[in-house]
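As structure tokens, the structure follows; a few thoughts come after it.
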Amino acid sequence: MTRFVDDLRAQVLRLQVNLYGCRERLTAATDSEALHDLRITLRKLRSLLRPLQGLAACAAVQQRAADLGRLSGPLRDLEVLLAHLQATGMTSALNERQMRLREGYALLLGSKPLQAVFVELDAWPELWRQSEANGELRGMRKQVRRRLAKQQRRLAAALIDPAHDRHRLRLLIKRVRYSAEAYPALSGLCATAQAHLKAAQSELGDWHDHLQWLARAELESDLAPCVAAWRSALLAAEQRADQALSTLQADFPPVSPG
């Protein structure tokens, strides 16, 4: 158990350092991947802590990371749209949105959710030590294994649901994938299954992007020239996503009741 507890402590500290680096990169505006990397680091942190729900030492960090994830999501969506517009030569639609993006970075850097994440992470090591001293971490390895298995059962059931919701499947896939990366020894997933999760997430992400862009185009008239191509791309993305989900079913067979 000591090794498991120490490894978790080390992982959280590494992620905290990564978040500091992402914040500095955003502040310096040194690259276009800083926000993306910040969100990936948040997702890894949440995936690491989610199976530990119920522990007071982890609850506040998990909540603050979730708050920051929600705040930064629309900004990341705008980044992805701008990259697409740039790649497709829609330069007339860039300028005002690039200004909005820069303003968004400044607001994020000065936001309470960002500051709160670092406050909670600074306090976390001592809370984790207290939890260990109080015996609250006994049996935690088994608890994590059970919760990862429960996530996988939910995904398996959703994959065979004839009325499946692609939005929910995308969320379930992300949770199973990142939890498996956080706890590779406990997930029970082989490399092939993890590769299929990544592929399905990618295809669903492409579908989700086009769906969002079409919704934007209904409100932002300068995107009208893109609509026909986006509708066609959305249909193609749906087909690729459904094929990836079909492939994934073999990795997550449903569990018979009883």
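Quick rundown of the values:
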| read-out | value |
| --- | --- |
| Subset tally (residues that are in contact (Cβ under 8 Å) with a residue 24 or more places away in the chain, more than 18 Å from Arg97 (Cα to Cα) and of a type outside the set (A, V, I, L, M)) for the range 203-234 | 5 |
| Test: residue in the range 2-9 that is under 22 Å from Arg70 (Cα atoms) and surrounded by 15 or more Cβ atoms within 10 Å (Cβ to Cβ) | no |
| Residue identified as assigned to a helix (DSSP H, G or I), touching a residue at least 40 places away in the same chain (Cβ under 8 Å), under 30 Å from Glu220 (Cα atoms) and among the aliphatic types (A, V, I, L, M) among Leu19, Leu35, Leu78, Leu101 | Leu35 |
| Single match in Leu38, Leu19, Leu26 (criterion: more than 19 Å from Leu101 (Cα to Cα) and in the same structural domain as Ala123 (by TED's automatic domain parsing)) | Leu19 |
| Single residue of the range 174-188 satisfying the filter (closer than 13 Å to Ala149 by Cα and of a type outside the set (Ser, Thr, Tyr)) that is nearest to the chain's Cα centre (by Cα) | Arg175 |
| Wholly within the range 181-258, helices (runs of 4 or more DSSP H) carrying at least 3 residues that are out of contact with any His (no Cβ under 8 Å at 6 or more places or on another chain) and surrounded by 14 or more Cβ atoms within 10 Å (Cβ to Cβ) | 191-217, 227-249 |
| Selected residue (criterion: nearest to Ala29 (Cα to Cα)) from residues of the range 81-98 that are outside any helix (DSSP H, G or I) and in contact with a helix residue (DSSP H, G or I) (Cβ under 9 Å, 6 or more places away or on another chain) | Leu94 |
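The values are calculated or read from the model by the stated rules, or taken from the named source; none is laboratory data. Note that the structure is predicted; figures quoted are calculated from it, not measured. Glycine gets a Cβ as well: all are built from the backbone with ideal geometry, and neighbour counts include every protein chain shown.
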